[in-house]
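The values are calculated or read from the model by the stated rules, or taken from the named source; none is laboratory data. This is a predicted model, so every value here is computed, not measured. All Cβ positions, glycine included, derive from the backbone under ideal geometry; neighbour counts span all protein chains shown. These accessible areas exclude ligands, DNA and RNA; they are computed on the full protein's heavy atoms, side chains included. Shrake-Rupley method; radii C 1.70, N 1.55, O 1.52, S 1.80 Å.
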Amino acid sequence: MNEQRTGPIGHVRRAAVAEWGTLYSTVRAELVRKKFAAVPLATTATLLVLLFSIVQHLPGGERFVTHVGVVKAALPLDVSLLRTPLSLYVPALDLPVWGALAQVFLVFGIAELVLGRRLTLVVAYACTLAGTLFARIGVAIGPDHLFGFPPEVAHVRDTGPSAAVVALAVVIAFRCRAWFTGGLVAAVMIGEAIVLPNLAGLEHVAALVAAALIAAAMEVFGDFWPRVLAGVTAATSVATEARRRRVSVAP
């Protein structure tokens, strides 16, 4: 028994617990407490991806989806900003939608349980927007620069949930201290951008950088305002108690 605990299996088990123990316990506790009502955001996001996938393959559907949720660097900035929220749920035409559905449900679901709905939405949209703005800047500076793009990239569909999925995975790993997992995601995205230098790969790196900044900000300032509020509440309670005592001893 002791040999099994100290052998390779034991080392793998301890490493897995150290890497994913916090994540597993958090997800399990929320699922046990709320059951199927635990991930309404992930369920809605998955259904939206499925809906857009079906609609854009119907007659006239691609034109409708293009007008409500497809973003391109050639579009005016205000139009891109208006379409960005829905662009997150528009899958690529040339990729199997089932992969996108599985990614969205799994990663959005875990993020919803670990980060909460509000922060999940903030990370997903902020990092998707970071990728979109990066594409516009790359087209504007041109192919002569390191991160520039040729003019024809401005007309490429810049949509899909992949940037949000990458960003959420990084923030989840940071929150749960799953450093190896977060590093692996970052390494894969950077490797993809180096081996296949295209718009999607570089946008993933932009989303990765934005996610790292958000995670760092959460670490530094995440408990700042709750601590301030707790301090104000405590000071108010002390002042109220002192005033009550002065009133009670007054002649």
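Placing +1 on the Cβ of every Lys and Arg and -1 on the Cβ of every Asp and Glu, with no other charges, gives the chain a dipole of roughly 1420 debye about its Cα centre. For the chain, the longest principal axis of the C-alpha atoms and the axis of helix 40-55 are separated by about 10°.
Taking a ≥ b ≥ c as the square roots of the eigenvalues of the Cα gyration tensor, an a/c ratio of 1.5 or more together with a/b larger than b/c marks the stretch 9-95 as prolate. Among Leu77, Leu95, Leu133, the largest mean-square fluctuation in a Gaussian network model of the chain, built with springs joining Cα atoms closer than 10 Å, belongs to Leu95.
Between the listed residues Val188, Val90, Phe105, the Cα displaced farthest toward the positive end of the dipole of the stretch 88-225, a dipole computed from Cβ unit charges relative to the Cα centre, is found at Phe105.
Evaluated over the Cα positions of the chain, the convex hull gives a direction-averaged projected area, one quarter of its surface, of 22.6 nm².
Overall, the accessible surface of the stretch 39-172 at a probe of 1.4 angstrom is composed of carbon and sulfur to the extent of 72 percent. Quarter the surface of the alpha carbon convex hull of the stretch 113-189 and you get the mean projected area, 5.8 square nanometres.
Working note: Karplus 6.51/-1.76/1.60 with θ = phi - 60° gives the stretch 94-106 the couplings 9, 10, x, 6, 5, x, 5, 4, 5, 4, 5, 5, 5 Hz, where Gly and Pro are set to x. If you take the alpha carbon atoms of the stretch 41-89 and fit the smallest convex hull around them, that volume is 64 Å³ per residue. When shorter helices are ignored and each DSSP H run of at least 4 residues is given -39500 (n - 2.57), the per-residue value for the chain at 222 nm works out to -24500 deg cm²/dmol.
In percent, rounded to a whole number, the relative contact order of the stretch 1-119 is 33, using alpha-carbon pairs under 8 Å and six or more apart.
The value of relative contact order for the chain, using C-alpha pairs under 8 Å at least six residues apart, is 20 percent.
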